[in-house]
């Protein structure tokens with residue numbers, strides 16, 4: 001026989017999508033706001049330690065990468081235009097800008113994924129209650 005999953009504690013579940021997103025941006029479970037969200041850099045945990053919510057089923061797919069490029073691109077485009085107006089050697093400019101842009105992407109990506117996980121969690125919460 002297979003064991004039934006533990007019921008999800010809904011006493012502290014988010015009322016709005018923004019509340020779920022705020023919880024995930026802080027790195028917490030979107031359901032209870034207490035358990036941790038991340039097992040690794042951008043790999044979410046399978047189950048919340050606090051409320052047993054199944055977070056491994058939430059798939060953000062390409063949304064976080066798209067949002068990261070949108071944010072970082074809008075930040076770095078004006079910077080690139082301004083920097084090219086000065087006579088800075090390309091041997092210095094190219095590696096410096098590439099490293100900075102890559103670092104920006106690596107900083108923004110976990111927050112972008114957290115936004116998508118929170119939004120997907122809240123939008124699927126009603127569907128999970130009927131299963």
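So what is the 222 nm mean residue ellipticity for the chain from helices alone, if each DSSP H run of at least 4 adds -39500 (n - 2.57) and you divide by all residues, rounding to the nearest 500 deg cm²/dmol?
-19000 deg cm²/dmol
If I take all pairs of Cα atoms in the chain, what percentage of them are more than 19 Å from each other?
Values: 4728 of 8515 pairs.
Above the 19 Å cut-off, the chain has 56 percent of its Cα pairs.
What order, most packed first, do the peptides 41-48, 27-34 have when packing is the mean number of other Cβ atoms within 10 Å of each residue? Could the numbers behind the result be given before it?
Working: 41-48: 15.5, 27-34: 21.6.
Most protected by this proxy first, the peptides run 27-34, 41-48.
Could you give the length gained on full extension between residue 97 and residue 46, defined as 0.36 nm per residue of separation minus the Cα-Cα distance, in nm?
Extending this stretch completely gives an extra 14.7 nm.
Compute the long axis of helix 63-83 from its Cα atoms, compare it with the longest principal axis of the Cα atoms of the chain, and write down the angle in degrees, 0 to 90, nearest 10.
The angle comes out near 20 degrees.
Output the peptides 82-90, 112-120, 17-25, 51-59 sorted from most to least packed, where packing is the average of other Cβ atoms within 10 Å over each peptide's residues.
112-120, 17-25, 51-59, 82-90
So if R0 is 22 Å, what FRET efficiency would residue 77 and residue 106 give, r being the distance between their Cβ atoms, rounded to the nearest 0.05?
For residue 77 and residue 106, the calculated efficiency is 0.75.
Only the coordinates and a few stated rules stand behind these numbers; no lab work does. No experiment lies behind these values; they were computed from the predicted model shown. Here Cβ is always computed from backbone atoms with ideal geometry, including for glycine, and neighbour counts include all displayed protein chains.
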